[in-house]
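Here the structure is laid out as C-alpha coordinates; the discussion comes afterwards.
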Amino acid sequence: MATDSLRNEAGVWIRESDTLASVSDSIGELKFNRTEAGIFQIIVSAHSKVVESASARCREGAAAFTETGLILRKVADIYDEEERTQADRLNNIW
(Lines give C-alpha, C1' and ligand atoms only; values in the text may rest on other atoms or scores of the structure.)
Protein backbone atom coordinates (compact mmCIF):
# COMPACT_ATOMS: atom_id res chain seq x y z
CA MET A 1 0.00 0.00 0.00
CA ALA A 2 1.24 3.48 -0.85
CA THR A 3 0.66 4.81 2.64
CA ASP A 4 2.83 2.06 4.10
CA SER A 5 5.62 3.31 1.87
CA LEU A 6 5.05 6.84 3.13
CA ARG A 7 5.21 5.66 6.72
CA ASN A 8 8.39 3.69 6.03
CA GLU A 9 9.92 6.75 4.40
CA ALA A 10 8.86 8.83 7.41
CA GLY A 11 10.78 6.42 9.62
CA VAL A 12 13.89 6.89 7.50
CA TRP A 13 13.68 10.67 7.83
CA ILE A 14 13.24 10.45 11.59
CA ARG A 15 16.14 7.99 12.00
CA GLU A 16 18.36 10.25 9.91
CA SER A 17 17.29 13.13 12.12
CA ASP A 18 18.79 11.24 15.04
CA THR A 19 21.96 10.75 13.00
CA LEU A 20 22.22 14.49 12.31
CA ALA A 21 21.65 15.26 15.99
CA SER A 22 24.48 12.88 16.84
CA VAL A 23 26.73 14.54 14.26
CA SER A 24 25.91 17.91 15.81
CA ASP A 25 27.04 16.63 19.20
CA SER A 26 30.21 15.15 17.71
CA ILE A 27 31.05 18.38 15.91
CA GLY A 28 30.62 20.26 19.19
CA GLU A 29 33.36 18.13 20.68
CA LEU A 30 35.82 19.46 18.09
CA LYS A 31 36.16 22.77 19.91
CA PHE A 32 39.43 23.43 21.65
CA ASN A 33 40.64 26.19 23.91
CA ARG A 34 43.70 28.39 23.59
CA THR A 35 45.82 26.11 25.73
CA GLU A 36 45.02 23.16 23.48
CA ALA A 37 45.67 25.29 20.40
CA GLY A 38 49.28 25.85 21.37
CA ILE A 39 51.06 27.78 18.60
CA PHE A 40 47.81 28.05 16.61
CA GLN A 41 46.26 30.66 18.95
CA ILE A 42 45.21 32.85 16.05
CA ILE A 43 42.72 30.30 14.69
CA VAL A 44 40.89 29.49 17.94
CA SER A 45 38.15 32.10 17.47
CA ALA A 46 37.62 31.30 13.80
CA HIS A 47 37.69 27.57 14.48
CA SER A 48 35.14 27.95 17.28
CA LYS A 49 32.81 29.87 14.98
CA VAL A 50 33.06 27.17 12.30
CA VAL A 51 32.40 24.42 14.83
CA GLU A 52 29.41 26.29 16.30
CA SER A 53 28.02 27.03 12.84
CA ALA A 54 28.40 23.44 11.60
CA SER A 55 26.84 22.10 14.78
CA ALA A 56 23.93 24.54 14.52
CA ARG A 57 23.29 23.61 10.86
CA CYS A 58 23.19 19.94 11.83
CA ARG A 59 20.70 20.70 14.62
CA GLU A 60 18.56 22.65 12.13
CA GLY A 61 18.79 19.75 9.69
CA ALA A 62 17.78 17.30 12.40
CA ALA A 63 14.71 19.38 13.21
CA ALA A 64 13.80 19.64 9.51
CA PHE A 65 14.24 15.89 9.03
CA THR A 66 11.99 15.17 12.01
CA GLU A 67 9.39 17.60 10.68
CA THR A 68 9.51 15.96 7.25
CA GLY A 69 9.03 12.53 8.78
CA LEU A 70 6.09 13.70 10.86
CA ILE A 71 4.49 15.37 7.84
CA LEU A 72 4.86 12.20 5.78
CA ARG A 73 3.13 10.23 8.53
CA LYS A 74 0.36 12.81 8.73
CA VAL A 75 -0.14 12.72 4.95
CA ALA A 76 -0.39 8.92 5.07
CA ASP A 77 -2.95 9.14 7.89
CA ILE A 78 -5.02 11.73 6.01
CA TYR A 79 -4.88 9.68 2.83
CA ASP A 80 -6.03 6.55 4.65
CA GLU A 81 -8.84 8.43 6.40
CA GLU A 82 -10.02 9.96 3.12
CA GLU A 83 -9.94 6.56 1.47
CA ARG A 84 -12.05 5.08 4.29
CA THR A 85 -14.50 7.98 4.06
CA GLN A 86 -14.88 7.61 0.30
CA ALA A 87 -15.28 3.84 0.60
CA ASP A 88 -18.04 4.35 3.19
CA ARG A 89 -19.79 6.84 0.89
CA LEU A 90 -19.64 4.44 -2.03
CA ASN A 91 -20.91 1.57 0.08
CA ASN A 92 -23.84 3.70 1.26
CA ILE A 93 -24.86 4.57 -2.31
CA TRP A 94 -26.15 1.06 -2.92
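A few notes on this one:
- For the chain, the per residue solvent-accessible surface stands at 74 Å², with DNA, RNA and ligands left out and a 1.4 Å probe.
- Using only side-chain charges placed at the Cβ, +1 for Lys and Arg and -1 for Asp and Glu, the dipole size of the chain relative to its Cα centre rounds to 440 debye.
- Cα point-scatterer Debye curve for segment 22-68, base-10 log of I(q)/I(0) at q = 0.18, 0.27 Å⁻¹: -0.56, -0.90
- Sulfur and carbon atoms: percent of accessible area, the chain [1.4 Å]: 59
- Rounded to the nearest 500, the 222 nm mean residue ellipticity of the chain from helices alone is -31000 deg cm²/dmol, with -39,500 (n - 2.57) taken per DSSP H run of at least 4 residues.
- Once the Cα atoms are used to define both axes, helix 44-93 deviates from the longest principal axis of the chain by about 0 degrees.
- Within the chain, the percentage of alpha carbon pairs spaced more than 21 angstrom apart rounds to 55%.
The values are calculated or read from the model by the stated rules, or taken from the named source; none is laboratory data. On a predicted model such as this, the values are computed, not experimentally measured, just so you know. All Cβ positions, glycine included, derive from the backbone under ideal geometry; neighbour counts span all protein chains shown. Calculation scope for accessible area: heavy atoms of the full protein, side chains included, ligands and nucleic acids excluded. Shrake-Rupley method; radii C 1.70, N 1.55, O 1.52, S 1.80 Å.
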